[in-house]
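Trainee: Let me begin by handing over the structure; questions about it come next.
The values are calculated or read from the model by the stated rules, or taken from the named source; none is laboratory data. If you're wondering where the values come from, they're calculated on a predicted model, not measured in any experiment. Cβ atoms come from the backbone with ideal geometry, glycine included; neighbour counts cover every protein chain shown. Quick note on the areas: whole protein, heavy atoms, side chains included, nothing else; ligands and nucleic acids left out. Shrake-Rupley method; radii C 1.70, N 1.55, O 1.52, S 1.80 Å.
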Amino acid sequence: MSSEPAVRVEDKLYYNRYLVDVGNPHVKVRAHTTPSPQLLSLLKVCPARCYELNDGGQVEVAVDGCIECGTCRVIAEPTGDIQWSHPRGGYGVLFKFG
Ligand code: SF4
């Protein structure tokens, strides 16, 4: 058993900063009534936990905190479930390594 302290993703994400581009989210979820399997998978795979279910059972995204890893893009953009683009210049994640 290792004596190294456990590293939690949440602790590392804490160092990042995010400049919100109000009104211009760089990830959008296609309107739907019942989420596709791809959309549902985003609830588990997004490391920043940007996706969640609303009270109506639809998947929503809040891009605040998105680290632009592209995981959701690979999974759900080809199926048309989301639209993904890079944030406009000056907006989005600012990585701090500490
Ligand atoms: S790009 Fe990565 S961090 Fe951003 S919403 Fe998609 S899965 Fe989450």
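Trainee: Accessible area of the range 42-98 with a 1.4 Å probe: how many percent of it is carbon plus sulfur?
Mentor: That share works out to 52 percent.
Trainee: Then there is this: Where a ≥ b ≥ c are the square roots of the eigenvalues of the C-alpha gyration tensor, would you call the range 53-93 rounded, which needs a/c under 1.5, or, failing that, prolate if a/b is larger than b/c, or oblate?
Mentor: Judged from the Cα gyration tensor, the range 53-93 comes out oblate (a/c at least 1.5, b/c at or above a/b).
Trainee: Further, regarding this structure: Could you give the accessible area per residue of the chain, probe 1.4 Å, as a whole number in Å²?
Mentor: 70 Å²
Trainee: If a/c stays under 1.5 just call it rounded; otherwise compare a/b with b/c (prolate if a/b is bigger, oblate if not). Do that for the chain, with a ≥ b ≥ c from the square roots of the Cα gyration tensor eigenvalues.
Mentor: Oblate.
Trainee: With every protein chain in place, what's the accessible area of Ser85 (1.4 Å probe, Å², nearest 10)?
Mentor: 60 Å²
Trainee: Here is a further query. Dipole of the chain (Lys/Arg Cβ +1, Asp/Glu Cβ -1, origin at the Cα centre): which of Tyr91, Val61, Leu42 lies farthest to the positive side?
Mentor: My answer, from the dipole projection, is Tyr91.
Trainee: Another question, then. At 1.4 Å probe size, with no ligands or nucleic acids counted, give the accessible surface of Cys46 in Å², nearest ten.
Mentor: 20 Å²
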